[in-house]
Amino acid sequence: MKKGMIKVSVLYPNGANRNFNMDYYLNTHVPMVVGLLGDALKGATIEKGLSGAEPGSPSAYLVMGNMYFDTMESFGAAFGANAQQIMGDAPNFYNGEPVVQISEVLV
């Protein structure tokens with residue numbers, strides 16, 4: 001990714017009674033999001049939490065999804081029209097409230 005890009009992170013907190021259906025997420029949700037966002041989406045990563053700072057401690061997040069866009073405007077145009085469908089699908093794979101952060105890539 002290059003300096004100035006917009007990074008949208010969706011973080012799925014770990015915790016008591018939190019469930020995450022990785023199969024659904026990877027094979028249904030992610031392809032749907034990629035299709036809906038189209039050419040505005042410049043790249044993406046998906047990370048599975050393994051541990052906290054201390055070995056063997058639980059990770060703060062079960063999964064972190066990161067999407068990259070050239071500008072806030074391109075993100076807004078692509079996501080805005082599809083927000084309800086994208087966010088509405090979350091209960092199909094996660095039983096908590098995701099945390100969203102929008103950042104600017106500096107390096």
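Nothing in this text is a laboratory measurement; each read-out follows from the coordinates by a stated rule. Since this is a predicted model, take the numbers as computed values, not measurements. We place every Cβ from the backbone using ideal geometry, glycine too, and count neighbours over all the protein chains shown.
Some observations on this one:
- With coordinates expressed along the principal axes, the C-alpha atoms belonging to the chain extend over 39, 32, 20 Å, beginning with the largest.
- Computed over region 23-102: relative contact order in percent, which uses C-alpha pairs under 8 Å that are six or more apart: 32
- The residue list Ser9, Gly35, Val105 was ranked by how far each Cα lies along the charge dipole of the chain toward its positive end, using unit charges on Cβ atoms, and Val105 comes out on top.
- Put a plus charge on the Cβ of each Lys and Arg, a minus charge on the Cβ of each Asp and Glu, and nothing anywhere else: the dipole of region 6-104 about its Cα centre is then about 160 debye.
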